[in-house]
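None of the figures in this text is laboratory data; all of them are computed from the coordinates on show. Every value quoted in this text rests on a predicted model; they were computed, and no experiment measured them. Cβ placement follows ideal geometry from the backbone for every residue including glycine, while neighbour counts extend to all protein chains displayed.
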Amino acid sequence: MIPRTIFDSDHEQFRDSVRKFLETEAVPFHSQWEKEGAIDRQLWNKAGAQGFLAPTMPEKYGGVGVDFRYNAIVDEEISRLGLTGIGFGLHSDIAVPYILNYGTEDQKQRYLPGCLSGEIVTAIAMTEPGTGSDLQNVKTTAILDGDEYIINGSKTFITNGQHADTVVVVCKTNPHEKASGISLIMVDAGTPGFEKGSNLEKIGMKAQDTSELFFQDVRVPKANLLGEEGKGFVYLMEELPQERLSIALTAAASCEGVLEQTVEYVKDRKAFGKPIASFQNTQFKLAEMDSEVTSLRVFVDRCLELHIQGKLDAVTASKAKLLSTDLQCKVIDECLQLHGGYGYMWEYPVARAFADARVQRIYGGTNEIMKLIISRSLLSD
Ligand SMILES: Cc1cc2nc3c(=O)[nH]c(=O)nc-3n(C[C@H](O)[C@H](O)[C@H](O)COP(=O)(O)OP(=O)(O)OC[C@H]3O[C@@H](n4cnc5c(N)ncnc54)[C@H](O)[C@@H]3O)c2cc1C
C-alpha cells in the first residue's frame, strides 16, 4: 500500500488508542452481541469517556474540536476490525452534526454534551415502510398545535434504533408539499406515543440494533424543531456528502482488513501439498484486488482531504460511495472464494464481512441513486 499522506503523528497516536480500545472493549464481545442483536450500551459511555464520539464537536460542548480526520479514524478502525454492530459512525458523522449545524444554542446545550459523553445515543429516521429512496414522499406528519407538534407515522431500518435516546425525525410539517414540506424534529425516547418497534433481523450487521420506530400522536414542544420549518430537505442534502464519505471510508477500510486476513489465510492453507498462495490464480486475484483497493484508497483519501477543506461536493461524495461499496462487495466475495468452504462459515471474519458489506450498496442512498446524481451532473446544462 502506498503511504497515506493526510495523517500526521497525532492522528496515528489517536488511531493506536482507538484500535487498542476496540481490541479490548469490543472484539472479544462482538460475536455475543451478534447473538443479542445489539452492542453493550456501556460501550457508548466508554467511548465517550475516551473522546471517540463526535470528536469534531467544539470544546465548549465537551468535544475535542478537531477535524473530520478523527471521525474517519474511528470509522476505519471499527470497519477494519469488522465491528459492524457499533453505530458510532451514524451518531458522530451523521446524526450529531445536524444538532450542531442546525440546532439552536439551547438545543446544543441540551444534547451535545450527552452525545459526546455517550449518555445520549442518537439516530436519524428518514426511511419509512413505504418510502426510502423517494425521500420527498415521506408520510410521517408533524402538525403544529399551539406550541407543540403532533407527530404521527412510522419509520423503519433505523440504525441505533433500540439504543437511541433521541432521534432526528424527518417529517412533513406541510403534508401538501414535497421537499419544501419537510422538517427535522428531535424526539426523545420516552416521549408518550413514541414506541420502539422490533429490532430487525438482518442477513448481516447482526450486532447493530436496526429498528422500526412508531409515532402515534406524539407531542413535542415546538422548540424541538431543528433549524427552520420546511428546510429539512435542504439540510439533508447538505449533510449527505459527509454521510457518503463516511460509508466510503468504512468500505475502503473493510477491503484492506479483509484482504490482509486473506493474504495470511492463503499462505497458511494447503491444497495439493502446497500453500494455496502458490497457485497463480490466487496470486493474480490478490494482485488485482490490491491494485484496485490501492486506487480506491487514494481516491477516498482525496475526498477526505477535500471534505476537511469544505470542498467535497455531493457528486464526488456519491462517486466515492458508489465505487467504494461496489468494490467492497467484489473484494470480499473474491476473498471469501479464496477461503473455500471456511469462507462460508460464520466464525471466519470473511464470512461476516461478506454478509455485513451487502447493505453498504443500499443505505446512505442506494448505489442506483448515486448513479442518478452523478449522471444528472454530467447531463445537466
Ligand atoms: C441495515 C440498514 C440500516 C439503515 N439505516 C438507516 C437509518 O439509520 N436511517 C434511515 O433513515 N434509513 C436507514 N436505512 C434505510 C436505507 O437508507 C434505505 O433502505 C435505502 O435508502 C433504500 O430505500 P428502500 O429500502 O425503501 O428501497 P427503495 O427506495 O424501495 O428501492 C428499491 C430498489 O429500487 C431502486 N430505485 C429506487 N428509485 C430508483 C430510481 N429513481 N432509479 C433507479 N432505481 C431506483 C433502488 O436503488 C433499489 O434497488 C437503513 C437500511 C438498512 C438495510
*asked:* What distance in nm lies between label points placed 7 Å from Cα along the C-beta direction at residue 270 and residue 31?
replied: 2.6
*Pair residue 308, residue 292: separation of 7 Å Cα→Cβ label points (nm)*: 2.9
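Specify, per residue and in Å³, the volume enclosed by the convex hull of the alpha carbon atoms belonging to segment 177-254.
Given the Cα convex hull of segment 177-254, per-residue volume reads 145 Å³.
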*List, in the order given, every pair from 202/285; 139/178; 178/231 whose Cα-Cα distance in the structure shown is over 20 Å.*
202/285
_For residue 205, distant residues with modelled amide H under 5 Å away_ = 356
*Amide H of residue 121: which non-local residues (sequence gap of 5 or more, or other chain) have their own amide H closer than 5 Å, using H built in the peptide plane?*
165, 166
*Among the GluC sites (Glu not before Pro) in segment 291-355, which ones are in a DSSP loop with at most 16 other Cβ atoms within 10 Å of the Cβ? Mind listing them?*
347
*Candidates 256, 228, 243: whichever shows maximal mean-square fluctuation once the chain is modelled as a Gaussian network with Cα springs under 10 Å*: 228
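Report Rg(Cα)/(2.2 N^0.38 Å) for segment 222-268, keeping two decimals.
Values: Rg = 19.6 Å, N = 47, 2.2 N^0.38 = 9.5 Å.
Relative to the rule-of-thumb radius for its length, segment 222-268 sits at 2.07.
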_Positive dipole terminus of segment 1-109, leading residue within 31, 89, 11 (C-beta point charges)_ = 31
*Cα-based Rg / Dmax (Å) for segment 221-333*: 19.8, 71
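As an exercise, identify the trypsin sites (Lys or Arg not before Pro) in segment 1-80 lying in DSSP coil whose Cβ has no more than 14 other Cβ atoms within 10 Å. Don't skip to the answer; put the middle values down first.
Numbers: sites: 4, 15, 19, 20, 35, 41, 46, 60, 69, 80; in loops: 4, 41.
Sites meeting the loop and neighbour criteria: 4, 41.
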*So which residue, out of 125, 287, 223, gets the largest mean-square fluctuation from a GNM of the chain using Cα contacts under 10 Å as springs?*
287
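Can you run the Rg to Rh ratio on the chain? Use alpha carbon positions and the Kirkwood inverse-distance Rh.
Answer for the chain: 0.98.
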*Could you list log10 I(q)/I(0) for segment 8-167 at q = 0.09, 0.12, 0.17 Å⁻¹, which the Debye formula gives when each Cα is one point scatterer?*
-0.33, -0.58, -1.06
*Could you size up the charge dipole of segment 166-307 around its Cα centre, putting +1 on the beta carbon of Lys and Arg and -1 on that of Asp and Glu, and report it in debye to the nearest 20?*
400
